[in-house]
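The values are calculated or read from the model by the stated rules, or taken from the named source; none is laboratory data. What you see is a predicted model, and the numbers here were worked out from it, not measured in a lab. Neighbour counts are summed over all protein chains in view; Cβ atoms, including those assigned to glycine, are modelled from backbone coordinates with ideal geometry. For accessibility, only protein heavy atoms count, side chains too; no ligands or nucleic acids. Shrake-Rupley method; radii C 1.70, N 1.55, O 1.52, S 1.80 Å.
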Number of protein chains: 2
Amino acid sequence: MSSLPVAGTLPAGVVLTPLRRIAHPLGDVVHGMKAGDDGFAGFGEAYFSHVLGGATKGWKRHRRMVLNLLVPAGTVDFHLHDEAGGHGATVRIDAQSPARLTVPPGLWMAFSAVGGAPALVLNLASLPHDPAEADTAPLERFARVPWEMP
Amino acid sequence: MSSLPVAGTLPAGVVLTPLRRIAHPLGDVVHGMKAGDDGFAGFGEAYFSHVLGGATKGWKRHRRMVLNLLVPAGTVDFHLHDEAGGHGATVRIDAQSPARLTVPPGLWMAFSAVGGAPALVLNLASLPHDPAEADTAPLERFARVPWEMP
């Protein structure tokens with residue numbers, strides 16, 4: 001995992017998958033997820049979350065949903081916190097070096113647009129949105145693992 | 001359909017679905033597709049296609065894949081051509097007024113980034129990529145329906 005952009009201890013069940021970006025003279029093609037890929041847990045809903053530059057959204061914890069997170073634009077730090085294990089991680093994904101972050105149910109997650117620019121996150125979620133299966137907490141509740149250049 | 005951004009005659013089976021963009025102080029949330037939505041035909045693969053400003057990609061015709069096309073960034077003209085029916089349409093989708101374009105198998109499709117800026121297209125495809133189920137043709141082969149302000 002040393003070449004992947006992770007700071008801290010990646011909680012069990014989290015999968016970080018590098019994705020192909022295929023050069024094309026009219027605009028590159030970027031892989032996202034195929035049914036059956038590592039981390040795929042069924043398709044329930046796809047939705048986008050914009051993040052203003054410097055902003056952090058979270059914390060949120062899903063009870064049943066598996067998240068498959070992509071970064072179509074910008075650079076995002078995904079902050080993960082395993083409350084039972086008492087540890088966490090930050091995973092940095094840049095649209096130029098695409099990767100997919102699979103987050104199993106039960107982990108707290110927040111995410112930040114870094115580098116001053118806005119960013120965009122796509123969640124290919126295993127379930128359709130259901131506020132009853134998610135908990136939220138203020139950002140101050142858990143420490144975030146600071147990103148360090150690997 | 002008068003309020004939807006269509007020029008020409010939309011081929012049978014094409015579905016254009018306006019999507020919600022939910023304002024959020026840290027960055028808006030934008031709907032994409034839920035399993036079971038109008039136009040959903042199963043999940044095979046999600047992939048992105050960047051388009052440089054002014055560029056047009058196509059023509060391409062899928063024999064089995066249903067495309068569900070979203071525009072996370074920029075403005076895109078989707079050109080559709082029904083070769084059997086001898087007619088076509090242009091559908092314009094802007095990331096600020098999101099919509100989902102469902103394209104059934106058998107239609108020729110090309111797409112352009114308009115307005116001078118690059119654009120991004122997400123295809124939530126019903127099948128994983130398989131070059132054997134798609135045909136391509138040069139842009140000159142079919143006339144494109146010019147966009148006119150509705």
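For residue A:118, place a label point 7 Å from Cα along the Cα-to-Cβ direction in every copy; what are the distances to the other copies, in nm, shortest first?
Here residue A:118 shows inter-copy label distances of 1.7 nm.
Run the quick spin-label model on residue A:132 and residue B:15: label points 7 Å from Cα toward the beta carbon, then report their separation in nm to one decimal.
A separation of 2.6 nm, rounded to one decimal place.
Where the label is 7 Å out from Cα toward Cβ, how close does residue A:87 come to the same position in every other copy, in nm, shortest first?
Result, one decimal in nm: 6.4.
Say a label goes 7 Å from Cα toward Cβ at residue A:9 in every copy; what distances in nm does this one have to the rest, shortest first?
Here the equivalent label points are 6.6 nm apart from this one.
Test of understanding: in a Gaussian network model of chain A with alpha carbons linked when under 10 Å, which of A:77, A:28, A:38 would top the mean-square fluctuation ranking?
Looking only at A:77, A:28, A:38, the largest GNM fluctuation is found for A:28.
Averaged over peptide A:17-25, how many Cβ atoms belonging to another chain are found within 10 Å of each residue's Cβ?
On the way: counts 0, 0, 2, 1, 2, 2, 0, 6, 2.
The mean count of partner-chain Cβ atoms within 10 Å per residue comes to 2.
GNM, chain B, Cα, under 10 Å: largest mean-square fluctuation among B:101, B:19, B:67?
Result for chain B, Cα springs under 10 Å: B:19 fluctuates most.
What quantity of accessible surface, computed with a 1.4 Å probe and excluding non-protein components, is buried in total between chains A and B, in Å² to the nearest 100? Don't skip to the end; give the middle numbers.
Values: alone 7770 and 7760 Å², together 12880 Å².
Using a 1.4 Å probe, the pair buries roughly 2700 Å².
Post the alpha-carbon centroid distance, region A:81-102 to region A:109-150, in whole angstrom.
9
Give me a single rounded figure for A:28-38: the average over its residues of other chain Cβ atoms within 10 Å of their Cβ. List each step's numbers first, then the result.
Values: counts 6, 8, 7, 5, 8, 7, 9, 9, 3, 3, 0.
Going residue by residue through A:28-38 and averaging, the value is 6.
Enumerate the calculated ³J(HN,Hα) couplings along region A:97-110 in order (Karplus 6.51 cos²θ - 1.76 cosθ + 1.60, θ = phi - 60°), each rounded to whole Hz, writing x wherever the residue is Gly or Pro.
With coefficients 6.51, -1.76 and 1.60, one gets 10, x, 8, 10, 10, 9, 10, x, x, x, 9, 7, 9, 9 Hz.
Taking the alpha-carbon distance from residue B:34 and a cut-off under 18 Å, which lysines remain once sequence neighbours fewer than 8 residues away in the same chain are dropped?
Within the straight-line cut-off, residue B:34 pairs with A:34.
For chain B, what does the relative contact order come out to in percent, with C-alpha contacts under 8 Å and a separation of six or more? Intermediate values should be presented prior to the final figure.
Values: 367 pairs, mean separation 55.1, N = 150.
Computed over chain B, the figure is 37 percent.
Given a 10 angstrom Cα cut-off, can you work out which residue in B:11, B:138, B:118 is the most mobile in a GNM of chain B?
Largest GNM mean-square fluctuation: B:138.
Positive end of the dipole of region A:4-122, charges at C-beta (+1 Lys, Arg; -1 Asp, Glu), about the Cα centre: which of A:66, A:13, A:93 has its Cα farthest in that direction?
Most positive-ward Cα: A:66.
How big is the charge dipole of chain A about its Cα centre, in debye rounded to the nearest 20, if each Lys and Arg gets +1 on its Cβ and each Asp and Glu gets -1 on its Cβ?
On the way: 12 positive and 13 negative charges, 21 e Å.
Its charge dipole is roughly 100 debye.
Please give the average number of partner chain Cβ atoms lying within 10 Å of the Cβ of each residue in B:120-128, rounded to a whole number.
Working: counts 7, 2, 7, 2, 5, 3, 1, 2, 5.
Across B:120-128, the average partner-chain Cβ count within 10 Å equals 4.
If you rank A:122, A:26, A:4 by how much accessible surface each has, with a 1.4 Å probe, what is the order from largest down? Could you put the intermediate results ahead of the total?
Working: A:122 0, A:26 60, A:4 30 Å².
Descending accessible area places them as A:26, A:4, A:122.
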